[in-house]
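Trainee: Here you go, one structure.
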Amino acid sequence: MTAKLTRRTFAHLAGAAAIAAVASPSLVRAAKARVVVIGGGPGGLTVARRLAKDAPGIDVTLVEAAARYTTCYFANHYIGGLRSLESITHTYDRVGADDRLRLMHDRAIDVDTARHQVTLQSGGTLAYDRLIVSPGIAFRIDAIDGYDETTAQTMPHAWHGGAQMRLLRRQIAAMEDGGLVLIAPPALPYRCPPGPYERASLVAQYLKQHKPRSKVVILDAKDSFAKQKLFEDGWQRFYPDMIEWLPAEFTGGLVAVDAQVGTVMSDGETFRPAVANIIPPQRAGDIAQRAGLADESGWCPVDPHTLASRLQPDIHVLGDAIDAGHMPKAAFAASEQGKLCAAAVRAALTGTTADTNLLSNACWSLIASGNAVKVGGRYGPGDVGFDEHDGFISGPDESNAERAATAQEAEDWYAKMSQEMFG
Ligand SMILES: Cc1cc2nc3c(=O)[nH]c(=O)nc-3n(C[C@H](O)[C@H](O)[C@H](O)COP(=O)(O)OP(=O)(O)OC[C@H]3O[C@@H](n4cnc5c(N)ncnc54)[C@H](O)[C@@H]3O)c2cc1C
């Protein structure tokens, strides 16, 4: 990838490289404290924009690999035919136009924690006083027999935004009536726990309208799942006999795939789906592993008061990449963590104190058009990540009007998040 230099980037890069070449950053301090943020998703973009706005004395550089960001949240709406891909794809144009931060479209490929320096794919380096890492997830590709990087081109996970979402949508649109869509969710923890079940709902809604003899099978690695009763009631009501959920206790879960012949195997059964949506187990994004921020679990342990890494000094980690305890891996949560992290880093670099508030999360799932349920709560620091202080969940007997209001809440949240992140 060629790095795109934005605004004052060139001067900064040259300066940072020069500093890196002559001396350790601990010997040569920049006039302003330098914060580098890796990752322009809900976690990284929130923290970068907050710091740039609230701490003019700090020099903020955001490194984001992609030129555009397609949200995973609301991607199920796209896969179910309710939204266009464009409507969930955002550019960083306004972020790049903000003079208070420096945006670089480049990939961070290494972190020298001793020298406080990030290496970029383009060949440059960035020196930091504090590094903030929010790279999202990577897949444990070798966890499924027969699965590799190429398999995802025929059996898409569609658990990253963009091309994978388009591929799954196209496969569903192209399949024959009477075919099977198999969704294989991983064991916890993974990005967006209710996501596979919302996906099953919206795929079923599409199939009911366009290919009514088709079925959806969920070959689960778990024996229960988020908002289970609400989903199962909804499936009974909107898609009777169309969605079959297979818990791991009866099948042993997904054990292997054969992408050549198009088969998916559990312990005792071989499926021949028309569309196989295989969602592999996950871990923190590659740069977090490379920087030594993840432990043997694959996730990054952090101090929940500041999101400082428990493994590397002067580095903070947030979003899906961390072990957040009871706080789910969600965009809402990542954004809340971004606000906490910005306050903590600003306090550390300016010698002030940060307020400690509970963090919120809410997660909406659409079961059918205009019919959504939600779950959420407030979270505070615990021994590992965050503990839940209080929570809420939609009731099983809500009226259509209540469910429609919940669906509208989700739309409003999406618009607000997009505005906060991309301007
Ligand atoms: C189907 C689905 C539905 C979902 N629905 C919801 C929902 O309704 N509500 C909700 O709150 N959440 C939802 N989520 C979860 C949500 O998408 C994630 O929790 C959220 O995106 C996490 O944000 P993040 O900033 O941690 O990571 P990401 O959003 O993955 O952002 C990471 C960014 O870092 C960049 N990056 C990674 N590595 C590097 C590097 N080395 N150098 C430079 N850049 C790098 C990536 O390009 C990316 O832009 C859903 C997820 C899925 C898959």
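Trainee: Go through 280, 304 for me and flag whichever is more than 23 Å from residue 45 (Cβ to Cβ) and either within 14 Å of the ligand (Cβ to nearest atom) or over 14 Å from the mean Cα position of the chain (by Cα) (or both). If you could, list the steps in order and put the result at the bottom.
Mentor: On the way: 304 fails: more than 23 Å from residue 45 (Cβ to Cβ).
Among 280, 304, only 280 is more than 23 Å from residue 45 (Cβ to Cβ) and either within 14 Å of the ligand (Cβ to nearest atom) or over 14 Å from the mean Cα position of the chain (by Cα) (or both).
Trainee: Something else: Please enumerate the residues belonging to region 92-144 that are of a type in the set (S, T, N, Q) and touching a helix residue (DSSP H, G or I) at 6+ places or on another chain (Cβ under 8 Å). Spell out the reasoning first.
Mentor: Kept after step one, since they are of a type in the set (S, T, N, Q), are these residues of region 92-144: 113, 117, 119, 121-122, 125, 134.
Those that are of a type in the set (S, T, N, Q) and touching a helix residue (DSSP H, G or I) at 6+ places or on another chain (Cβ under 8 Å): 117, 125, 134.
Trainee: Out of everything in region 46-75 that is open to solvent by less than 10 Å² (accessible area, probe 1.4 Å) and over 23 Å from residue 313 (Cα atoms), what residue ends up being nearest to the ligand (Cβ to nearest atom)?
Mentor: Among residues in region 46-75 that are open to solvent by less than 10 Å² (accessible area, probe 1.4 Å) and over 23 Å from residue 313 (Cα atoms), the one nearest to the ligand (Cβ to nearest atom) is 75.
Trainee: Another question, then. For region 163-191, how many residues meet the condition of being open to solvent by less than 10 Å² (accessible area, probe 1.4 Å) and more than 14 Å from residue 77 (Cβ to Cβ)? Quick ask: steps written out before the conclusion?
Mentor: Step one: filter region 163-191 for residues open to solvent by less than 10 Å² (accessible area, probe 1.4 Å), giving 165, 168, 172, 181-186, 190.
Cutting the leftovers down to more than 14 Å from residue 77 (Cβ to Cβ) gives us 181-186, 190.
Looking only at that region, the number is 7.
Trainee: Name every residue in region 192-225 that is without any contact (Cβ under 8 Å) to a residue 40 or more places away in the chain, hydroxyl-bearing (Ser, Thr, Tyr) and open to solvent by less than 10 Å² (accessible area, probe 1.4 Å), in order of residue number.
Mentor: none
Trainee: Still on this structure, I have one more. Does region 315-338 hold any residues that are charged (D, E, K, R) and within 8 Å of the ligand (Cβ to nearest atom), and which are they? I'd like the intermediate steps shown before the answer.
Mentor: Of region 315-338, the ones charged (D, E, K, R) are 320, 323, 329, 336.
Answer for region 315-338, where residues must be charged (D, E, K, R) and within 8 Å of the ligand (Cβ to nearest atom): 320, 329.
Trainee: I'm trying to understand the selection: among the residues of region 298-340, which are of a type in the set (Gly, Ala, Ser) and surrounded by fewer than 24 Cβ atoms within 10 Å (Cβ to Cβ)?
Mentor: The answer is 298, 308, 325.
Trainee: Those residues that are β-branched (Val, Ile, Thr) and assigned to a strand (DSSP E or B), I need them from region 337-378; list them, please.
Mentor: 367, 373, 375
Trainee: Could I ask something else about it? Any residue in region 55-76 that is in a loop (DSSP other than H, G, I, E, B) sitting within a Cβ distance under 6 Å of a residue that is within 9 Å of the ligand (Cβ to nearest atom) and open to solvent by less than 30 Å² (accessible area, probe 1.4 Å)? List the pairs, counting only those 6 or more apart or interchain.
Mentor: Partner pairs satisfying both residue conditions: 67/105; 73/331; 74/414.
Trainee: Let me ask something additional. Regarding residue 344, is this residue surrounded by 15 or more Cβ atoms within 10 Å (Cβ to Cβ) and in contact (Cβ under 8 Å) with a residue 60 or more places away in the chain? Don't jump to the end; show me each part of the working.
Mentor: Details: surrounded by 15 or more Cβ atoms within 10 Å (Cβ to Cβ): yes; in contact (Cβ under 8 Å) with a residue 60 or more places away in the chain: no.
It is false that residue 344 is surrounded by 15 or more Cβ atoms within 10 Å (Cβ to Cβ) and in contact (Cβ under 8 Å) with a residue 60 or more places away in the chain.
Trainee: Moving to a separate point now. Please indicate, with yes or no, whether at least one residue in region 107-122 is open to solvent by 20 Å² or more (accessible area, probe 1.4 Å) and either outside the structural domain of residue 318 (by TED's automatic domain parsing) or at positive phi (or both).
Mentor: Yes, that holds for at least one residue.
Trainee: For region 88-160, which fully contained strands (runs of 3 or more DSSP E) count at least 2 residues that are away from the ligand (no atom under 11 Å from the Cβ) and more than 13 Å from residue 36 (Cα to Cα)?
Mentor: Details: elements: 89-91, 101-105, 108-112, 117-120, 125-127, 130-133, 137-139.
Once the strands (runs of 3 or more DSSP E) in region 88-160 are filtered for at least 2 residues that are away from the ligand (no atom under 11 Å from the Cβ) and more than 13 Å from residue 36 (Cα to Cα), what remains is 89-91.
Trainee: Any chance region 391-406 includes a residue that's hydroxyl-bearing (Ser, Thr, Tyr) and without any contact (Cβ under 8 Å) to a residue 24 or more places away in the chain?
Mentor: Going through region 391-406, the residues hydroxyl-bearing (Ser, Thr, Tyr) turn out to be 394, 399, 406.
Imposing the further condition that a residue be without any contact (Cβ under 8 Å) to a residue 24 or more places away in the chain reduces the set to 399.
Among the residues of region 391-406, at least one is hydroxyl-bearing (Ser, Thr, Tyr) and without any contact (Cβ under 8 Å) to a residue 24 or more places away in the chain, which makes the answer yes.
Trainee: Can you tell me which residue is least open to solvent (accessible area, probe 1.4 Å) among those in region 379-404 that are out of contact with any strand residue (DSSP E or B) (no Cβ under 6 Å at 6 or more places or on another chain) and part of a helix (DSSP H, G or I)?
Mentor: Per the criteria, the residue is 404.
Trainee: Continuing with this model, one more query. Can you confirm whether region 195-204 contains a residue that is among the polar types (S, T, N, Q) and over 30 Å from residue 132 (Cβ atoms)? Explain how you work it out, then say what you get.
Mentor: The initial filter retains those residues of region 195-204 that are among the polar types (S, T, N, Q), namely 201.
Adding the requirement that they be over 30 Å from residue 132 (Cβ atoms) leaves 201.
Checked against the condition, which is being among the polar types (S, T, N, Q) and over 30 Å from residue 132 (Cβ atoms), region 195-204 yields at least one hit.
Trainee: Any residue that is farther than 23 Å from residue 91 by Cα and open to solvent by 20 Å² or more (accessible area, probe 1.4 Å) - is there at least one of those in region 32-45?
Mentor: First pass over region 32-45, keeping only residues farther than 23 Å from residue 91 by Cα: 32-34.
Remaining after also requiring open to solvent by 20 Å² or more (accessible area, probe 1.4 Å): 32-33.
Scanning region 32-45 turns up at least one residue that is farther than 23 Å from residue 91 by Cα and open to solvent by 20 Å² or more (accessible area, probe 1.4 Å).
The values are calculated or read from the model by the stated rules, or taken from the named source; none is laboratory data. Model, not experiment: these values are computed from the prediction. All Cβ positions, glycine included, derive from the backbone under ideal geometry; neighbour counts span all protein chains shown. Heavy atoms of the whole protein, side chains included, go into the accessibility calculation; ligands, DNA and RNA do not. Shrake-Rupley method; radii C 1.70, N 1.55, O 1.52, S 1.80 Å.
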